[in-house]
1. For A34, are the conditions met, namely being in a helix (DSSP H, G or I) and among the aliphatic types (A, V, I, L, M)?
2. Looking at the stretch 47-56 only, could you name the residues that are in a helix (DSSP H, G or I) and surrounded by 13 or more Cβ atoms within 10 Å (Cβ to Cβ)?
3. Since L55 meets every condition but one in (1) at pLDDT 95 or above; (2) on the phi > 0 side of the Ramachandran plot, which condition does it not meet?
4. Can you confirm whether A67 is among the aliphatic types (A, V, I, L, M), over 13 Å from D86 (Cβ atoms) and assigned to a helix (DSSP H, G or I)?
5. Among S20, S87, S75, S44, which is surrounded by fewer than 16 Cβ atoms within 10 Å (Cβ to Cβ), in a helix (DSSP H, G or I) and out of contact with any strand residue (DSSP E or B) (no Cβ under 7 Å at 6 or more places or on another chain)?
6. Could you give every pair whose Cβ atoms fall below 7 Å, whose first residue belongs to the stretch 81-93 and is under 12 Å from I63 (Cα atoms), and whose second residue is aromatic (F, W, Y) and surrounded by 15 or more Cβ atoms within 10 Å (Cβ to Cβ), counting only separations of at least 6 or pairs across chains?
7. Just to be sure I understand the filter: pairs with C-beta atoms under 8 Å, separated by 6 or more residues or on different chains, first member in the stretch 1-25 and more than 21 Å from M59 (Cα to Cα), second member in a helix (DSSP H, G or I). Which pairs pass?
8. Here are some residues: A67, A36. Which one is of a type in the set (A, V, I, L, M, F, W, C), out of contact with any Phe, Trp or Tyr (no Cβ under 9 Å at 6 or more places or on another chain) and in contact (Cβ under 8 Å) with a residue 24 or more places away in the chain?
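The values are calculated or read from the model by the stated rules, or taken from the named source; none is laboratory data. Keep in mind the model is a prediction, meaning the values are calculated, not measured. Cβ placement follows ideal geometry from the backbone for every residue including glycine, while neighbour counts extend to all protein chains displayed.
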Amino acid sequence: MKSYADVADVMDKVFHECHSLRQAGQKEYANSEANALSNFENLSKDIGVSRETVLFIFMKKHIDGIASYIKGHKSQREDVRGRINDSIVYLCLLRAMVEDNELPLNINAKVL
């Protein structure tokens, strides 16, 4: 059984791991400090789907692994903790896309 404090510790650990994971992924995949979402956008243009769809496809592999773990398949190529962290990072990137979608088209335009 986990206490509130135990779960808080787990959350702190997971968020730290996810932050490190995102930083490593940014360097490996985005190739752009100016646009953290560029790998999703580039692939979305290549195959004609939204960047959100690309993200979901990438994330779905991890969700499927988590589902297999829940169903009892404990021995997988990747530890379920890694799949959980990857899913959290993908969800944070999706959140960034949602917020990006809500930005005005021209943020430099002056309001009259």
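1. Values: in a helix (DSSP H, G or I): no; among the aliphatic types (A, V, I, L, M): yes.
It is false that A34 is in a helix (DSSP H, G or I) and among the aliphatic types (A, V, I, L, M).
2. At the first step, the residues of the stretch 47-56 found to be in a helix (DSSP H, G or I) are 47, 51-56.
Selection gives R51, E52, T53, V54, L55, F56.
3. L55 satisfies all of (1) at pLDDT 95 or above; (2) on the phi > 0 side of the Ramachandran plot except (2).
4. Values: among the aliphatic types (A, V, I, L, M): yes; over 13 Å from D86 (Cβ atoms): yes; assigned to a helix (DSSP H, G or I): yes.
When the stated conditions are applied, A67 passes them.
5. On the way: S87 fails: surrounded by fewer than 16 Cβ atoms within 10 Å (Cβ to Cβ); S75 fails: in a helix (DSSP H, G or I); S44 fails: surrounded by fewer than 16 Cβ atoms within 10 Å (Cβ to Cβ).
So the residue among S20, S87, S75, S44 that is surrounded by fewer than 16 Cβ atoms within 10 Å (Cβ to Cβ), in a helix (DSSP H, G or I) and out of contact with any strand residue (DSSP E or B) (no Cβ under 7 Å at 6 or more places or on another chain) is S20.
6. Going by the 7 Å Cβ cut-off, the qualifying pairs are Y90/F58.
7. These pairs meet every condition: K2/V10.
8. Working: A67 fails: in contact (Cβ under 8 Å) with a residue 24 or more places away in the chain.
One residue alone meets the criteria, A36.
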